[in-house]
Amino acid sequence: MKYVCELCGYVFDEETSPLELGLPAGTKFDDLPDDWVCPLCGAGKDEFHPE
């Protein structure tokens, strides 16, 4: 599944993004910590929406 940051358009792809961001393979968006922020603009998880 993919989640898009509404502020900058960054796409968190559950298949590829965890490895790109240094997270364990298979990390789901819902499993990210509540204080996780967009790596591009710093927006919180609440600014992301499923694509």
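Net charge near GLU14: determine it from the other residues with C-beta under 15 Å of the C-beta of GLU14, scoring Lys and Arg +1 and Asp and Glu -1.
Once all neighbours under 15 Å are counted, the net charge is -3.
If amide H atoms are built 1.01 Å from N in the plane of the peptide, which residues on other chains or at least 5 residues away come under 5 Å of the amide H of LEU7?
Those lying under 5 Å, H to H, from LEU7: there are none.
Given a 1.4 Å probe and the protein chains all in place, what does the accessible area of GLU6 round to, in Å² to the nearest 10?
For GLU6, the solvent-accessible surface is approximately 110 Å².
Just read off the accessible area of VAL4 with the full protein assembly in place, 1.4 Å probe, to the nearest 10 Å².
Around 30 Å² of this residue is reachable by solvent.
Gain in length, LYS28 to ALA43, computed as 0.36 nm per residue apart minus the alpha-carbon separation, to one decimal in nm?
Here the segment from LYS28 to ALA43 would lengthen by 3.6 nm.
Which entry in (i) 14.4; (ii) 10.7; (iii) 12.0 matches Kirkwood radius over Cα pairs in Å derived from the coordinates of this structure?
(ii)
The values are calculated or read from the model by the stated rules, or taken from the named source; none is laboratory data. This structure is a prediction, so every number in the text was calculated from the model and none was measured. Neighbour counts run over all protein chains shown; Cβ positions are idealised from the backbone, glycine included. SASA here: full protein model, heavy atoms, side chains in, ligands and nucleic acids out. Shrake-Rupley method; radii C 1.70, N 1.55, O 1.52, S 1.80 Å.
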